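Accompanying notes for the structure given below.
What follows is calculated from the coordinates using simple rules that are stated; it is not laboratory data. What you are looking at is a predicted structure, and each value in this text was computed from that prediction instead of being measured. All Cβ positions, even for glycine, are placed from backbone atoms using ideal geometry, and neighbour counts span all protein chains on display.
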Amino acid sequence: MNPVYHQAKFINSSPHIKNAPADQGKEVAFAGRSNAGKSSAINTLTRQGSLARISKTPGRTQMLNFFAINDQWRFVDLPGYGYAKVPLAVKKKWHELMEHYLTHRKSLCGIILVMDVRHPLTEFDWQMVTWCEHSGLPLHILLTKADKLTYGAAKNTLLQVQKELKDTHFPITLQLFSALKKNGIDELHQALDLLFGSDENPDQSVTSIPS
Ligand SMILES: Nc1nc2c(ncn2[C@@H]2O[C@H](COP(=O)(O)OP(=O)(O)O)[C@@H](O)[C@H]2O)c(=O)[nH]1
Ligand SMILES: [Mg+2]
């Protein structure tokens, strides 16, 4: 467990990259289909019940939601994708926004791809895997809602997904997760520590500031 993630604070929401926080330090992005469980995963890993708004209406939140962990590290909750009822124009806009964000954001240091364990590796998930592969971005996959399956079935899915990704040529790690049962938090914290590329935590290097 890394308590640094518990201090995450909301910065802002924006439909454009131009309102994003300054492109410095390091940023980890949470991507995945609408309703996959991105916001719930952020709330669970930060131990903050309503930090990222949990939407019951899929496809509603076409926003980049930024959170500060400390003055160097951020999360961004990316707009969901793959919701069939979204009009074509919205899908096109989403595609442009994502492409722009993923190719231009210098502080982006890794992606957490959130998938519902019952529906892994959709066409959109593969697109994200391909984008990461092209840009050499490390990827960690969360197979969430693991509570919806028996442990054996969830484990089988994990192995199956691992097998399907074996031919990709960049670092991918994956795990089971449940926001409901709060399972997999330690593993997720460790994956985030690796994505942020540091066991040296900027906060821990400052012991105390004399007054
Ligand atoms: N059973 C279960 N439901 C979950 C889990 N994570 C999210 N959900 C539910 O799935 C729905 C979508 O979650 P949300 O976090 O808003 O997904 P997002 O659109 O990817 O941000 C909500 O109704 C959540 O309560 C989980 O681990 N287990
Ligand atoms: Mg959400």
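Here are some notes:
- Around the amide H of ASN12, modelled in the peptide plane, lie the amide H atoms of PHE66, all under 5 Å away and 5 or more residues distant in sequence or on another chain.
- Pairwise Cα inverse-distance average, inverted: Kirkwood Rh of the chain (Å): 17.4 Å
- Per residue, the chain reaches -10000 deg cm²/dmol at 222 nm when only DSSP H runs of four or more residues are counted, each adding -39500 (n - 2.57).
- What the Cα convex hull of the stretch 73-142 gives, in volume per residue, is 94 Å³.
- DSSP beta bridges confined to the chain are antiparallel in about 30 percent of cases.
- Nearest-20 debye value, the chain charge dipole, Cβ charges on Lys, Arg, Asp, Glu: 940 debye
- The three principal axes of the Cα atoms in the stretch 1-43 give end-to-end lengths of 32, 27, 15 Å, sorted in falling order.
- Charged-residue dipole, Cβ positions (Lys, Arg, Asp, Glu), the stretch 1-53 about Cα centre, Debye nearest 20: 140 debye
- Residues whose placed amide H lies under 5 Å from that of MET63, excluding near-sequence neighbours: GLY80
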